[in-house]
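The values are calculated or read from the model by the stated rules, or taken from the named source; none is laboratory data. All of these numbers come straight from a predicted model, not from anything done at the bench. Please note: Cβ atoms are built from the backbone with ideal geometry, for glycine as well, and neighbour counts cover all protein chains shown. In case anyone asks, the SASA skips ligands and DNA or RNA and just uses the protein heavy atoms, side chains included. Shrake-Rupley method; radii C 1.70, N 1.55, O 1.52, S 1.80 Å.
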Amino acid sequence: MTPANGSILEARDLCLRFGAVEALRSVSLAVQAGSIHALIGPNGAGKSSLLNCLSGFYRPWSGAVLFQDEDISTARPPMRSTLGIGRTFQGIQTYPSMTARDNILTGFHSRMSGGVFAALFRTPALIRQEEAFTARAEEIIAFLELEQDRHRVVGDMSYGLRKRVDLGRALATDPKILIMDEPMAGMSPEEKGDLARFILDIRDHFGIPVVLVEHDMDVVMDISDRVTVLEFGEVIAEGPPERIADDERVITAYLGAAEVAV
Ligand SMILES: Nc1ncnc2c1ncn2[C@@H]1O[C@H](COP(=O)(O)OP(=O)(O)OP(=O)(O)O)[C@@H](O)[C@H]1O
Ligand SMILES: [Mg+2]
């Protein structure tokens, strides 16, 4: 169910401290259903901290996180994942010695039911569930154009492909929203283009909104519906990308006039 104001995930007045560092200062964010919401800002601005508060890895000192209008501030990461908040992390999170397909299948583990008895005696219900997950994994493999690579060991793959496998693992958790921390960092322009296309397809074909941290301004301007800019733990601008590109405070604080000549 989508709340009346259209936002699926909301942060309200989040404050977070690490010793003397104020990582987040009264940060609010509202992700609209069916949108791609980019989070930008200089290194150390608080972007990952905010994503970690949304997915439950960090507990803010004050403020609230709402998902589909429910206050989930006290829910732990596995519960948030079960509710439908999927995520990928900064860097590589795949299992290098496993194949692409098996990595994607790990995403289904949190959704397995039946417990030890079902696992030991391989009940018909468990077998049916495994078949359904395997079929869904094949759909994800086709969607991400990983057919040629499904049986390859992930450790042998290029960085871009491994990130794609990680995205497949996140999709296998059946998310209602996907949170991605710098998914394109370290990618070649071609790999970035591919991933940008998949992110747009995730929004358009699956209707899954995406929150992503991204440093490449061309990508942000191309694919996002809304942009939030953080600096020193504070939101300094929020709006559609074309407005952000013209925002004086953003230009001075972060982008540099040359870079926003889009
Ligand atoms: N677990 C932690 N322990 C201590 N300090 C932290 C922790 N996580 C973040 N910080 C601090 O909080 C501030 C915000 O960090 P954060 O990682 O959220 O920034 P970021 O915007 O994601 O930066 P980057 O672009 O470099 O990834 C920084 O000063 C960082 O050092
Ligand atoms: Mg970060």
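Rundown of residues vs (1) β-branched (Val, Ile, Thr); (2) free of Cβ contacts under 8 Å to residues at least 24 places away in the same chain; (3) more than 16 Å from ligand 2 (Cβ to nearest atom), yes/no style:
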{"position": "VAL213", "(1), (2), (3)": "yes, no, no"}
{"position": "ASP216", "(1), (2), (3)": "no, no, no"}
{"position": "MET221", "(1), (2), (3)": "no, no, yes"}
{"position": "ASP225", "(1), (2), (3)": "no, no, yes"}
{"position": "VAL229", "(1), (2), (3)": "yes, no, no"}
{"position": "GLU242", "(1), (2), (3)": "no, yes, yes"}
{"position": "ASP246", "(1), (2), (3)": "no, yes, yes"}
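Would you confirm whether any residue within the stretch 25-42 is part of a loop (DSSP other than H, G, I, E, B), of a type in the set (Ser, Thr, Tyr), under 29 Å from GLY207 (Cα atoms) and open to solvent by less than 20 Å² (accessible area, probe 1.4 Å)?
Yes, the conditions are met somewhere in the stretch 25-42.
Just to be sure before I move on: is GLU231 more than 16 Å from ligand 1 (Cβ to nearest atom) and either of a type in the set (Gly, Ala, Ser) or more than 15 Å from the chain's Cα centre (by Cα) (or both) in the structure I sent?
Here the answer is no, as GLU231 does not meet what is asked.
Could you please find all residues in the stretch 172-194 being assigned to a helix (DSSP H, G or I) and open to solvent by 10 Å² or more (accessible area, probe 1.4 Å)?
Across the stretch 172-194, the qualifying residues are PRO189, GLU190, GLU191, LYS192, GLY193, ASP194.
Considering only the stretch 43-67, how many residues are in a loop (DSSP other than H, G, I, E, B) and either within 12 Å of ligand 1 (Cβ to nearest atom) or touching a Ser or Thr at 6+ places or on another chain (Cβ under 8 Å) (or both)?
Residues in the stretch 43-67 being in a loop (DSSP other than H, G, I, E, B) and either within 12 Å of ligand 1 (Cβ to nearest atom) or touching a Ser or Thr at 6+ places or on another chain (Cβ under 8 Å) (or both): 8 in total.
For ILE8, which of the numbered conditions (1) closer than 19 Å to LEU230 by Cβ; (2) in a strand (DSSP E or B); (3) under 15 Å from the mean Cα position of the chain (by Cα) fails to hold?
It is condition (1) that ILE8 fails.
Each row is one residue, and each column tells you yes or no for (1) in contact with a helix residue (DSSP H, G or I) (Cβ under 7 Å, 6 or more places away or on another chain); (2) within 15 Å of VAL210 (Cα to Cα).
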| site | (1), (2) |
| --- | --- |
| SER7 | no, yes |
| ASP13 | no, no |
| LEU24 | yes, no |
| SER28 | no, no |
| GLY34 | yes, yes |
| PRO42 | yes, no |
| TYR58 | yes, no |
| SER62 | no, no |
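Would the stretch 54-62 turn up any residue that is polar (S, T, N, Q), within 16 Å of ligand 2 (Cβ to nearest atom) and open to solvent by 50 Å² or more (accessible area, probe 1.4 Å)?
Checking the stretch 54-62: not a single residue is polar (S, T, N, Q), within 16 Å of ligand 2 (Cβ to nearest atom) and open to solvent by 50 Å² or more (accessible area, probe 1.4 Å).
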